[in-house]
Amino acid sequence: MLATAVLLIVLLGAMVALGMMRAPLWAWAAVVGVFTLLSRTELGGGPFLPWLLAWLPFAALALASVPSIRRQFVVARVYGMVQKILPKVSDTEAQALDAGTVGFDAELFSGTPDWNKLHAIPPIQLTAQEQAFLDGPTDELCRMINDWQIRHANREIPEEIWTFVKKHGFLGMLISKEHGGLGFSAQAQSLILGKIASRSPDVVTIVMVPNSLGPGELIEKYGTDDQKHHFLPRLARGDEVPCFSLTGPTSGSDAATMRDIGYVTRGSHEGRETLGIRLSWDKRYITLGPEATLVGLAFRLFDPENLLGKGEDVGITLALIPATHPGINIGRRHLPSGAAFPNGPNWGKDVFIPMDWVIGGDKMAGHGWRMLMECLSAGRAISLPSSATAGAKMMLRVTSAYARVRKQFGLPVSRMEGVEEPLVRIIETAYVNEAARAMTASMVSRGEKPSVISALMKYQTTERMRRAVNDAMDIHGGRAICDGPANYLQSAYQMVPVGITVEGANILTRTLITFAQGALRSHPYLYTEVQSAQDTDRRRGLDKFEEAFNGHIAFSISNATGGFFHNLTGGAFVTAPDSAQMMSQWYRQLGRASRSFAFVADLTVAMLGGGLKTKQKITGRLADALSELYMLSAVLKRYDDDARPMGDEQIVELAARNALYKFQEAITGTIDNFPVTWVRPLMRVVVFPLGRRFKPASDALGRAVARHVLEPGDARDRLTRHIFISKDVNDPTGLLEVTLEKVIAAEPAEKKLDKAVRDGVVRRYHGVDWFSDAVSKGVITSAEGEQLREAEALVARVIAVDHFDPAELKPNYANLGHNRPSLETLAAE
């Protein structure tokens, strides 16, 4: 029995080693042959037939190691099966998959992330011009903004704001200098948008849209020379205000099913007959639409007479149409969450446009979906993550100050555990979001279009911001829910649902894009197998499939054996960067988790195949798991990029423990609910051989993190960097900053006064000048009395809420209904 046990242990160890090293089949055959021979020798003789059958695994492996035999009897048959069962990838799906690039997400899907690639991503870098713009015009714009007037009193972006952003080139940050734009990097755009967002979600929207998915970027990348020379300088100067019309009543998240159509035909334009398109469309939710002078339009193009030589169904096409063109109807405004930024519908029926209004001309007709997806892969990584990150940092800045100056039960509420808990969540969100934002923006700055990463960044940063805003509201209590000029939280609270919804609603992005597309796009072999299976040339397809299939088998075995080994040993043997030092354990745990993710993800795709899209709870959990790995990678990189500041290691530990725990829960949910029940035990053995070992960060660690950032200083400034910070006491957030400094400076004197109040020496009630009383009784000095009096007055202003004459709060129903159309008019439209 002992000999048998030893042999089995040796065999298991050898198989794990072979699998992790991705050994060739002949090596497996050799090991199995030696084991079979030794088992016969060690265990003695026995019947000949069982012993002969024991050699079958060796024979099968030996034969399979011969390439020609393997191709004929294994690969070709699997290839035929895959061709039969694999659903065809639609043109729009293929264009979406091909549009972006693969970034560090591929390392996480591989199960063996290369830390050198992580650290090769540049840290935050700005040119002198970009830094000057961030410190100069961007700061000046933020000082001009009166959030209350914009979002409530006027519900309109003031003309002076529009004039300023146009004059200083805010609308042309991504347009190259060659064409009159600023030509800023993605990192610079992200930081500029973030600073504006920390001041006003409405104002940042009018800057964000022209610099995201819109006519400027589309013309820059795909436009004809004439389009570039004509439109780009005008867009950069703000002579043209662009919008892009994609979403319609029947095509929201499923934009590819749009009913907006155009037919290639001949018609009259400016008195001349020309080749063009006759369009009919109905769009809504179009940001900047009511103010736009140039309307970008996506539609499906048909060519019944094949005038373009591309067949009848040309495909999704993009065009630019002046808003004043006959037949265009610019609708009135939507009111998204009560926001002030312009947003509304537009439509047209039988509108004729010349062919040269198609972006890129007739050559790019039918390529619109690819154009959109390529731009979205980069744009989605910048705009909303930048504003969501800035929002989280602003929530931390104001909430940490408020919780420090606001007292209840004789102490700052920040020292109460019930408040400390949500405050620590805000700290973690601000740190993690900024780490991921900076790393992703650096990827885009160096030319990447990370489609999978941009999707997870969009939904993760906005969801985390939603929690941060809710936590900030809870900590502020009644101060947060009473709106008015002094309320600095309401604009963020109102705009959270907008960020959650636009550029791909988070539900869709999480369940259908991040993992479902990521599994194909970021997997080292899967997409090649799918493409080869759909190749019309069978021999060519089989050749490509064979190479990918052989690699895929080795990859799967490697992750199964590697995952089991590293989870059994707690990640002790995972490679960490030599420079990691005190962060080594988190690199090892991240590598270990990556192995588990790669194994579960690969097995999920293999088992569910084309049915993956319908198992959206599974894909959503795997998207969450991938997101935690990516965000933790960014956290570890940020700590190095920031030169490992003292005290930040506690934030990293807190973020790492929570990320690994959430990863574990996402994987657990996947396994427990996996549709193919017999696969569940296999997944559990590999991923949790010793059970679920990760635990969330402790209360003690959270307390240490909170104390690290509650005082003014480098830590608090570093966690809230690149947002607008006012020191003006007439500004609600500036008042907070000044009050925090004054309260902390007065703390020694306050302790003496508090003791006197507890001892009954001084009485602190309305109608009593307790400061003068304390001075006269020698409790505090005269200077300390004035210091406390000033701090008390500032705190009273901080905690005060606005109140209004009832007449101010009554809406002007006459004005609201003045231009309201009848139901019959709406129906006719």
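The values are calculated or read from the model by the stated rules, or taken from the named source; none is laboratory data. Since this is a predicted model, take the numbers as computed values, not measurements. Positions of Cβ are generated from backbone atoms using ideal geometry, with glycine treated the same way; all protein chains shown enter the neighbour counts. Side chains included, ligands, DNA and RNA excluded: accessible areas come from the protein's heavy atoms. Shrake-Rupley method; radii C 1.70, N 1.55, O 1.52, S 1.80 Å.
Between the entries (i) -0.27; (ii) -0.22; (iii) -0.18, the label attached to log10 I(q)/I(0) by the Debye sum over Cα atoms at q = 0.04 Å⁻¹ calculated for this structure is (ii).
The residues of region 757-804 expose, per residue, 66 Å² of accessible area to a 1.4 Å probe. FRET efficiency for the K810 to H269 pair, using the beta carbon distance and R₀ = 45 Å, is estimated at 0.35. For region 100-241, the Kirkwood radius over C-alpha pairs fed into Stokes-Einstein at 10 °C and 1.306 mPa s yields D = 95 µm² per second.
Proximity of backbone amide H atoms, modeled 1.01 Å from N, is registered between T101 and K449, S451 at under 5 Å, excluding neighbours fewer than 5 places apart on the same chain.
The accessible surface of the chain, taken with every protein chain in place and a 1.4 Å probe, is 56 percent carbon and sulfur. For a modelled paramagnetic label at I261, 7 Å from Cα along Cα-to-Cβ, the residues of region 280-302 in reach, with backbone nitrogen under 20 Å, are 280-284, 297-302. With θ taken as phi - 60° and the Karplus curve 6.51 cos²θ - 1.76 cosθ + 1.60 applied, the whole-hertz 3J(HN,Hα) list for region 415-428 is 8, 8, 4, x, 7, 4, 4, x, 5, 5, 4, 5, 4, 4 Hz, x standing for glycine and proline.
The charge dipole of the chain, taken about its Cα centre with unit charges on the Cβ atoms of Lys, Arg (+1), Asp and Glu (-1) only, comes to about 2160 debye.
The H on the amide N of I316, modeled in the peptide plane, is under 5 Å from the matching H of L301, G368, W369, each at least 5 residues off or on a different chain. Solvent exposure of K544, expressed as accessible area, is near 100 Å², computed with a probe of 1.4 Å over the protein chains only.
Amide H contacts of I286 (H built 1.01 Å from N, in plane; Pro and chain starts excluded): G344 sit under 5 Å, all sequence-distant by 5 or more or on other chains. Put a plus charge on the Cβ of each Lys and Arg, a minus charge on the Cβ of each Asp and Glu, and nothing anywhere else: the dipole of region 274-407 about its Cα centre is then about 1320 debye.
Spin-label model, K167/S772: points 7 Å from Cα along the beta carbon direction are separated by 5.0 nm. Ordering F244, L279, V314 by Cα displacement along the dipole of region 241-380 toward the positive end leaves F244 in first place; charges were set at the Cβ atoms of Lys, Arg (+1) and Asp, Glu (-1). Ligands, DNA and RNA are left out, and with a 1.4 angstrom probe the accessible area of region 109-176 is 46 Å² per residue. Annotation: per residue accessible area for region 417-471 equals 24 Å², rounded to a whole number [probe 1.4 Å, protein chains only].
Each of T614, T127, T317 has its accessible area taken with a 1.4 Å probe; listed largest first, they run T614, T127, T317. One compactness figure for region 492-651 is 1.26, namely its Cα radius of gyration divided by 2.2 N^0.38 Å. Ligands, DNA and RNA aside, K310 has an accessible area near 80 Å² when probed at 1.4 Å.
A straight chain from D313 to F73 at 0.36 nm per residue would run longer than the Cα-Cα distance by 82.3 nm.
A straight chain from E140 to H325 at 0.36 nm per residue would run longer than the Cα-Cα distance by 63.0 nm. Largest to smallest in accessible area, the residues R143, R71 fall in the order R143, R71 (1.4 Å probe, all protein chains included).
If R0 is 51 Å, the Cβ-Cβ spacing of T614 and R22 corresponds to a FRET efficiency of close to 0.95.
When all protein chains stay in place and ligands, DNA and RNA are ignored, the 1.4 Å accessible-area order of M21, M607, largest first, is M21, M607. Between R721 and E417, the modelled labels are 3.5 nm apart [label points 7 Å from Cα along Cα→Cβ]. Taken about its Cα centre, region 752-807 carries a charge dipole of roughly 320 debye when the Cβ of each Lys and Arg holds +1 and the Cβ of each Asp and Glu holds -1. Note on V66/L37: beta-carbon distance plugged into 1/(1 + (r/R0)^6) with R0 of 30 Å gives a FRET efficiency of 0.90. Simple spin-label estimate for K752 and Q83 gives 9.1 nm between the two label positions (7 Å along the Cα-to-Cβ direction from each Cα).
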